[in-house]
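Structure, as structure tokens:
The values are calculated or read from the model by the stated rules, or taken from the named source; none is laboratory data. Worth saying up front: this structure is predicted, and the values here are computed from it rather than measured. Here the Cβ positions follow ideal geometry from the backbone for every residue, glycine too, while neighbour counts run over all protein chains shown.
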Amino acid sequence: MLCIRNGIIHDMVNPEAYEGDILMDGGKITAIGKNLDIPEGAQVYDADRKDVYPGFVDAHSHLGLDGYGIGFEGQDYNERNDICTPQLRGIDSFNPMDPSVAMAAKGGVTCVGTGPGSSNVLGGTFFAVKTAGHCVDDMIVKNPIAMKCAFGENPKRCYKDVNNYARMSTASKLREMLMRAQDYKARKEAAGDDPLKRPAFDMKLEAMIPVLEKKIPLKAHAHQANDILTAIRIAKEFDVDMTLEHCTEGHLIVDEMVKAGFPCAVGPSFGNATKVELKNKTWETPGILAAAGCQVSIITDAPVTPQQYLPLCAGFAVKAGMDPYEALKAITINPAKHLGVADRVGSLEVGKDGDVVVFEGSPMEIASKPLLVVINGEKIS
């Protein structure tokens with residue numbers, strides 16, 4: 001049992017912070033209020049009026065799938081021998097003992113959505129995971145959370161010599177997989193309990209059924225405006241759920257983004273434009289989309305931006321004009337909703353996981369640092 005006393009609580013439910021205590025037991029938040037009665041034997045941390053936040057959440061990362069400082073031996077987030085690999089599961093590449101995972105936790109990032117990269121039209125499933133532990137199965141918040149798909153330059157570049165030279169080819173391959181999955185699902189259902197009538201087992205098509213049933217969304221990698229619109233078009237054609245990932249040129253098609261109504265994960269926005277589809281990259285994008293009414297998450301795309309610097313990315317967005325409270329939402333409750341895990345993380349509420357960070361100063365300021373990180377009610381640092 002752990003109690004954080006005398007903190008300035010930013011619970012991400014109320015826009016205004018307030019002074020109070022947080023009591024955790026059994027990995028969950030059990031009480032929030034001022035001058036709580038502390039049970040005998042509980043650990044007590046005096047926040048001394050420092051700022052207290054929910055653990056930060058990243059909606060789009062490759063944490064644990066790209067070995068820190070290793071190279072090929074640790075690069076386990078892209079399978080480049082097949083352009084459509086929906087049967088792959090990101091959890092099977094995750095290394096919880098990679099140094100980057102502990103770095104994320106120490107920086108106050110307590111939950112991430114991580115999984116395959118964007119070399120393939122369909123890359124496999126993402127999952128939500130805590131950043132503390134030694135066995136990924138014990139760290140899982142939800143698995144799977146989404147099916148990764150990709151538009152734009154990456155599938156073109158990776159498969160340009162093997163039948164994927166143009167954007168329309170990428171789109172056609174995704175449509176083909178969705179159509180084949182629809183047919184496979186229909187034949188399975190028509191067969192009922194008769195094994196002789198069932199179609200031959202197809203692991204790829206089996207993996208696509210949860211998408212068709214809206215149990216998980218397509219997680220659509222799309223930077224350029226036309227690629228974002230193609231992703232939206234295909235989602236509407238097949239009546240599937242979708243989250244829009246990166247959205248680099250989302251600020252150029254704001255009305256269409258709002259009309260589509262899909263959650264937006266914006267970033268990585270730090271650094272120079274390393275390819276053509278990033279030429280309009282700007283820190284203004286998340287603020288513009290949030291002000292228009294989109295549900296915005298700010299992302300690192302780690303290792304592109306190191307995972308522990310997620311709060312600083314929100315700070316850069318504020319510097320570019322984003323409302324500070326919206327920026328905090330973009331690294332807490334919004335990504336939790338984006339990942340489908342807002343029942344457990346993203347805000348400080350009774351019944352949710354005991355993921356809490358105490359900061360000296362705003363986490364969005366470069367000189368600030370976490371004084372305490374708690375994951376599942378246990379002190380990490």
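At a glance:
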| item | result |
| --- | --- |
| Given (1) closer than 20 Å to Ile380 by Cα; (2) part of a loop (DSSP other than H, G, I, E, B); (3) in contact with a His (Cβ under 8 Å, 6 or more places away or on another chain), index of the condition Gly41 fails | (3) |
| Every residue from the stretch 153-181 that is over 23 Å from Glu206 (Cβ atoms) and in contact with a strand residue (DSSP E or B) (Cβ under 9 Å, 6 or more places away or on another chain) | Asn154 |
| Tabulated pairs, the stretch 261-273, first in the same structural domain as Tyr309 (by TED's automatic domain parsing), second basic (Lys, Arg), C-beta under 8 angstrom, 6+ apart or interchain | Pro263/Lys337; Ser269/Lys281; Ala273/Lys279; Ala273/Lys281 |
| Positions within the stretch 324-381 being of a type in the set (Ser, Thr, Tyr), assigned by TED's automatic domain parsing to the domain that holds Val101 and either without any contact (Cβ under 8 Å) to a residue 24 or more places away in the chain or under 12 Å from Pro311 (Cα atoms) (or both), in sequence order | Thr332 |
| Condition met for Ser297 (under 23 Å from His62 (Cβ atoms) and in contact with a His (Cβ under 6 Å, 6 or more places away or on another chain)) | yes |
| Number of the condition not met by Phe238 [criteria: (1) more than 20 Å from Leu178 (Cβ to Cβ); (2) over 20 Å from the mean Cα position of the chain (by Cα); (3) in contact (Cβ under 8 Å) with a residue 60 or more places away in the chain] | (1) |
| The stretch 48-78 - residue that is of a type in the set (Ser, Thr, Tyr) and under 30 Å from Asp11 (Cβ atoms) and, of those, surrounded by the most Cβ atoms within 10 Å (Cβ to Cβ) | Ser61 |
| Hits in the stretch 300-324 (condition: touching a Cys at 6+ places or on another chain (Cβ under 7 Å) and surrounded by 24 or more Cβ atoms within 10 Å (Cβ to Cβ)) | Thr300 |
| Positions within the stretch 258-291 being among the acidic types (Asp, Glu) and buried (at least 20 other Cβ atoms within 10 Å of the Cβ), in sequence order | Glu277 |
| Among (1) within 26 Å of Val341 (Cβ to Cβ); (2) surrounded by 19 or more Cβ atoms within 10 Å (Cβ to Cβ); (3) of a type in the set (Val, Ile, Thr), the one test that Thr170 misses | (1) |
| Some residue of the stretch 138-148 being of a type in the set (Lys, Arg) and either closer than 26 Å to Thr230 by Cα or within 12 Å of the chain's Cα centre (by Cα) (or both) | yes |
| Tabulated pairs, the stretch 19-32, first outside any strand (DSSP E or B), second at pLDDT 95 or above, C-beta under 8 angstrom, 6+ apart or interchain | Gly26/Gly377; Gly27/Asp353; Gly27/Gly354; Gly27/Asn376; Gly27/Gly377; Gly27/Glu378 |
| In the stretch 300-317, the residues that are part of a loop (DSSP other than H, G, I, E, B) and of a type outside the set (A, V, I, L, M) | Thr300, Asp301, Pro303, Thr305, Pro306 |
| Hits in the stretch 1-22 (condition: of a type in the set (A, V, I, L, M, F, W, C) and closer than 20 Å to Ile331 by Cα) | Ile8, Ile9, Met12, Val13, Ala17 |
| Ala320 vs. criteria modelled with pLDDT of 95 or more and within 19 Å of the chain's Cα centre (by Cα) | no |
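Yes/no per residue for (1) more than 19 Å from Asp25 (Cα to Cα); (2) surrounded by fewer than 18 Cβ atoms within 10 Å (Cβ to Cβ):
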residue: Glu326; (1), (2): yes, no
residue: Lys329; (1), (2): yes, no
residue: Ala336; (1), (2): yes, no
residue: Ser347; (1), (2): no, no
residue: Val350; (1), (2): no, yes
residue: Gly354; (1), (2): no, no
residue: Gly361; (1), (2): yes, yes
residue: Lys369; (1), (2): yes, yes
residue: Leu372; (1), (2): no, no
